[in-house]
Every structure is written in C-alpha cells, then in structure tokens.
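Below: the structure, in structure tokens.
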Amino acid sequence: MIDLVNEVFDTKNDPGQISVTPDDREKLELIHEYTLNEVDYGDGPVMWLLLIPTTTGLMKRFVSKEISEQELLDLTPIGVKYDALYLCSATSLPEYRGKGLAKRVCLDAIAHIRADHPIASLFVWPFSKDGDGLACALAKALGLPLLKRKD
C-alpha cells in the first residue's frame, strides 16, 4: 500500500503534499476521528482513505493554489465547526478497485463527520481519472457542490 501511495502521489518529491507524518497524524486525529480510515481484511490494508474537514475560507485558498495541501492541514483550526471537506485521497490495491469499496468507505466516514460538522461543500485535487470520478460520485450522492483544484 505504501508503495502504491508513493507511486500515485509522489509525496516524497513534493513537500507541499501531506505525507502523513506522526505530527500530521496527530493533527488529523484532533480534527476528527474519521479523517484517517482503512480497510483491512486481516492481511494488511487494502484501502486507505484521508478526508480533511476544514473551513470554506481555507478551501477557497487551496483550490485557488494560494496554499499547499500541507498548509491546508497546518492552517485548519482545531475545535471549530467545519463547513468544507477535502477529499484528500482514497487509495485501493488494484484487485479491490471498481467494486464500490472506496465509495462505501467514503460515504460512511463522511456521514460520521457530517454528524458533527455542517459540511456544505466538498473539494478535491484530482490525481487520477478514477479519483476525479469518485469525487464526482460522492458529490452527487451527497447533493453537495464539488470544487476542484486544477494543476
């Protein structure tokens, strides 16, 4: 899974991306318990999911490329009501793709986050056609607008 994440996102060569260091993990857990999710059937993770609840102001700054992904996380305040949700990453092993697993896990995690926060919009920085498709499917299923950061 780690090799797959590094291959898709190349976080080691882009310091602006979140690499989920121990400090990042601690901050994510403080933001909400459903920011980090994984599916493991007993032989190690087959899917990882990272969602970041944040504010509309930070969402707009990120989508317009004013701040990096790492800055989005660093600047997200703790202990406030979040109204935007960053669909950061959903990575599945190839044999688990195309079966609806990522969508189901995302919808479940988003439901838990929305129980605590008035999420009014989603945003994404699509790295793949599949990731873009998932983000669009989630926005449609949830009836929420989706903003996209362009490369």
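No value in this document is a laboratory result; all are computed from the given coordinates. If you're wondering where the values come from, they're calculated on a predicted model, not measured in any experiment.
Can you give me the P(r) profile for the stretch 11-67? Cα pairs, bins 10 angstrom wide beginning at 0, each as a whole percent.
Each 10 Å bin holds this share of Cα pairs: 19, 43, 32, 6, 0.
Helix-only estimate, please: 222 nm mean residue ellipticity of the chain, summing -39500 (n - 2.57) across DSSP H runs of length 4 or more and dividing by its residues, to the nearest 500.
-12500 deg cm²/dmol
For the chain, modelled as a Gaussian network with Cα springs under 10 Å, which listed residue fluctuates most, L30, L122, L50?
Fluctuation is largest for L30.
Report the gain in length on full extension from E95 to L107: 0.36 nm times residue separation, minus Cα-Cα distance, nm rounded to one decimal.
My answer for the length gained is 2.2 nm.
Can you spot the lysines whose alpha carbon is less than 25 Å from K150's alpha carbon? Ignore those fewer than 8 places along the same chain.
Once the sequence-local lysines are set aside, what remains near K150 is K12, K60, K65, K103, K129, K140.
Looking at the stretch 106-151, what % of the alpha carbon pairs are farther apart than 14 Å?
Result for the distance tail: 50 percent.
Across every pair of different alpha-carbon atoms, what Kirkwood hydrodynamic radius in Å does the chain reach? Each step should come with its number before you reach the end.
Details: mean 1/r = 0.0646 Å⁻¹.
Its Kirkwood hydrodynamic radius stands at 15.5 Å.
What residue among A137, A115, A90 has the largest mean-square fluctuation in a Gaussian network model of the chain, using Cα springs under 10 Å?
Result for the chain, Cα springs under 10 Å: A115 fluctuates most.
Output ³J(HN,Hα) for the stretch 45-62: one whole-Hz value per residue in order, computed from phi by the Karplus curve 6.51 cos²θ - 1.76 cosθ + 1.60 with θ = phi - 60°, and x for Gly and Pro.
Result, rounded to whole Hz: x, 10, 7, 10, 9, 10, 10, 10, x, 7, 9, 4, x, 5, 4, 4, 5, 6.
Compute the Cα gyration tensor for the stretch 43-112, then decide on rounded, prolate or oblate, letting a ≥ b ≥ c be the square roots of its eigenvalues: rounded whenever a/c is under 1.5, prolate when a/b is larger than b/c in the other cases, and oblate in all that remain. Each step should come with its number before you reach the end.
Values: a/c = 2.51, a/b = 1.96, b/c = 1.29.
Prolate.
Among S121, S19, S64, which one moves the most in a GNM of the chain with springs linking Cα atoms closer than 10 Å?
S64
Starting from the amide H of V46, placed 1.01 Å from N in the peptide plane, find each other amide H under 5 Å away whose residue is 5 or more places distant or on another chain.
Amide H neighbours of V46: V39, D40, Y41.
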